[in-house]
1. May I ask you to give the average projected area over all directions of the convex hull of the Cα atoms of region 270-329, in nm² rounded to one decimal?
2. Probe radius 1.4 Å, ligands and nucleic acids left out: which of 501, 352 has the largest accessible area, and how do the rest follow?
3. Which value in Å does the Kirkwood hydrodynamic radius of region 150-237 take, with 1/r averaged over all unlike C-alpha pairs and then inverted?
4. Just to confirm the filter: which chymotrypsin sites (Phe, Trp or Tyr not before Pro) across region 15-117 are DSSP coil and have at most 13 other Cβ within 10 angstrom of their Cβ?
5. How large is the charge dipole for the chain, taken about the Cα centre, if only the Cβ atoms of Lys, Arg (+1) and Asp, Glu (-1) carry charge, to the nearest 20 debye?
6. Put 627, 77 in order of accessible area, largest first, 1.4 Å probe: what do you get?
7. Past the 15 angstrom mark, what percentage of all C-alpha to C-alpha distances in region 605-682 do you count?
8. For region 1-109, what is the largest minus smallest coordinate of the Cα atoms on each principal axis, given in angstrom and ordered from greatest to least?
Amino acid sequence: MILISIACVLLFAGSISGLFGRSFAISGRRTGAILQAIGCLALTIAGYQGLNGPGWESVPIVLPHLGAIAIGMDRLTGLFIMLLGIMGFSTSLFASSYLEHLEQRWNFHWLPILYGIFICSMSGVFLARHTILFLFFWEMMALSSFGLVILESWQERNRRTGFMYLAITHLGAALLFLGLLWPCAKAGLDFTFSGWLVGIVSMSVKARFIVFSALLLGFAAKAGLVPLHVWLPRAHPQAPAHVSALMSGIMIKTGVYGMMRFFVTVSPLPMPAMWGWLLLFAGLASALLGVLYALNEREIKALFAYSSIENIGIIFMALGMGLLFRSEGRYALANLAFVAALLHSANHALFKGILFMGAGAIQYRTHTLNLDELGGLARGMPILSIMFFVGAVAMSGLPPSNGFMGEWLLYRSLIAGFSVSHLSWKLFLPLIAALLALTGALAAAAAVKSFGCAFLGRAKKVDLHIAPDPDNYMLSGLGLPAFCCLLLGFFPELFSQPIAKMIAEFGYGPMPQPHASLMWPRIAGTEGLQPLLIASLLTVGLLAAWVVLKRLSYRKDKYAAPTDISSIEAIRIVDTWNCGTPLTERMSYTGSSFSEPFLVNFALMFSPRRNFRALGSLAPLLPTRLTYAIRVSKVFEDYMYRPAIAGILAISHSFQRLQAGSLQGYLSLMFFALIVLLIAAK
């Protein structure tokens, strides 16, 4: 409790500079960011203690009609608080230098204020043990993130994005109000989590279905699950890079936290298998659509935003498998799936933080995020390229990266489901496992695209190859999550063991040792992946290759002509052969050219529309310039949201006719409404 209080005080202290205007915020930029970083460090320590130690609960205030406004810490809260602290510490260090290029904005002083409120409100969501307090912090989180998204509010496109995000997040909040307060009202206006549980147990089956449906939609809207995802690929790229890292790494995980809190830990009710199948298929759709749209993106932050949709889909698939196993009474396998969901949530927060901050560092130095314009950055940014590479490998989900560990446990739970005798399990689970494998392959391609088109090849612009690494503050902000990704890739039991203990405390039967399948040396009686063994084999292979190359170099020198041995090259590095013509930047892969094969193979879903134009006085026979543009169809935007918005606007315009300014007309409407109410009252 003391560490949480210290963290809030330091976060507020770091925001003070913004209260006195733009000039004061600029002069106190670095000091404020360092104070906020220290506050997040206190959150990290508090979360670590909560994850590995006994929990606590405190009642700082008692209000009339609302009762005891309680906050508390258990292992689940400790996990998310620790992740928030780690990423908040990293993003605050990163922001101390990154914000320099944003100082010319007229509303720059709002950045430290909203940033501090944003972190405090997310910690409040995780700590709340009272439904009203939970909803209060949920709204604070939504409003502060909305302010951070529309910092460039003078652009019409940014305002539209901000209000779209605000509309969807408030729709989700309204559903959460229904799902949380209705059971509390049934329990005699007891608004604590235990009161919610009493109310949900006393409700009928139909009422309970409405409550859980509202909660699912509300948390899915915040998480960015398909089809409630349309705000995410617009809002995340628009926010500053360090804010995008927090939104993608932590904020959307509040939806995962809510699902775990109210569907798993608080509610002891057996959930019908329908809920598990719903989460499983919604997660699969999110994973596939997210990674496919990520492959089509040219703007690197938009690519990572769609990748977040993919990873949220994987997490919800694991939650769905857990609910399915629980409905069958197979609690050990259900717990395995829940461990997979939480482990992947933690790993995604770390590597997506690296990637979004890395994208911000690229924009800070090159002033562009377009993969068609980037290239060759590794020559001038070797340190940034290494850290970005760590995040890209984790994003690809390849062993022994930390991004693979949660997916591996999800694969194990899917395969374990093959043994269930129901026809639906035997029919759908192999198909879902195969599509998950396809998603992993496409995610690896997206990671190759993001790293290769930005850091490898030739610079598309003359000045990009000399862009230097960012300063030490920004590199330090990237270094911490990169180190955590490497550490958890080789020692995943650092997270999987406390998460397994947490799941075991839920009280749903025996708990397997999923972390045992991720350890080396192997524990007797276990099977599975061993990342340390893989890493050791890779290290031995690299050393063997180095020894062989040195040996070949020695033998070539030995039998060479009698010259200066030191001048003889065993390995020559030359330019790529291009039929005698020099290589140019036009021959390098761009983001668009990399995506073309996927557009062709998935044309049925993308429905690409190509626009090829020949320009010039003698066009089209002898054009002087050619332009090529392509647009892909966004399924839910084009066929669900746009028609719905058009219908709402049409209805709204029809109602405008009632506002004719006629007093007699208004009185007639009031009289008609009164008659309708009287009839309904009978």
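The values are calculated or read from the model by the stated rules, or taken from the named source; none is laboratory data. Fair warning: this is a prediction, and the values are worked out from it, not measured in the lab. Virtual Cβ from ideal backbone geometry, glycine too; neighbours counted across all protein chains shown. Protein only, heavy atoms only, side chains kept; ligands, DNA and RNA dropped before computing areas. Shrake-Rupley method; radii C 1.70, N 1.55, O 1.52, S 1.80 Å.
1. On the way: hull surface 13.9 nm².
For region 270-329, averaging the hull's shadow over all directions gives 3.5 nm².
2. Details: 501 115, 352 0 Å².
Greatest to least solvent exposure: 501, 352.
3. Values: mean 1/r = 0.0699 Å⁻¹.
Result for region 150-237 stands at 14.3 Å.
4. On the way: sites: 20, 24, 48, 56, 80, 89, 94, 98, 106, 108, 110, 115; in loops: 20, 106, 108.
Of the chymotrypsin sites (Phe, Trp or Tyr not before Pro), the ones in loops of region 15-117 whose Cβ has at most 13 other Cβ atoms within 10 Å are 20, 106.
5. Numbers: 47 positive and 29 negative charges, 194 e Å.
Once rounded to the nearest 20, the dipole reads 940 debye.
6. Values: 627 40, 77 0 Å².
If we order 627, 77 from most to least accessible, we get 627, 77.
7. Details: 2319 of 3003 pairs.
Cα-Cα pairs of region 605-682 separated by over 15 Å account for 77 percent.
8. Ordered largest first, region 1-109 gives principal extents of 45, 35, 17 Å.
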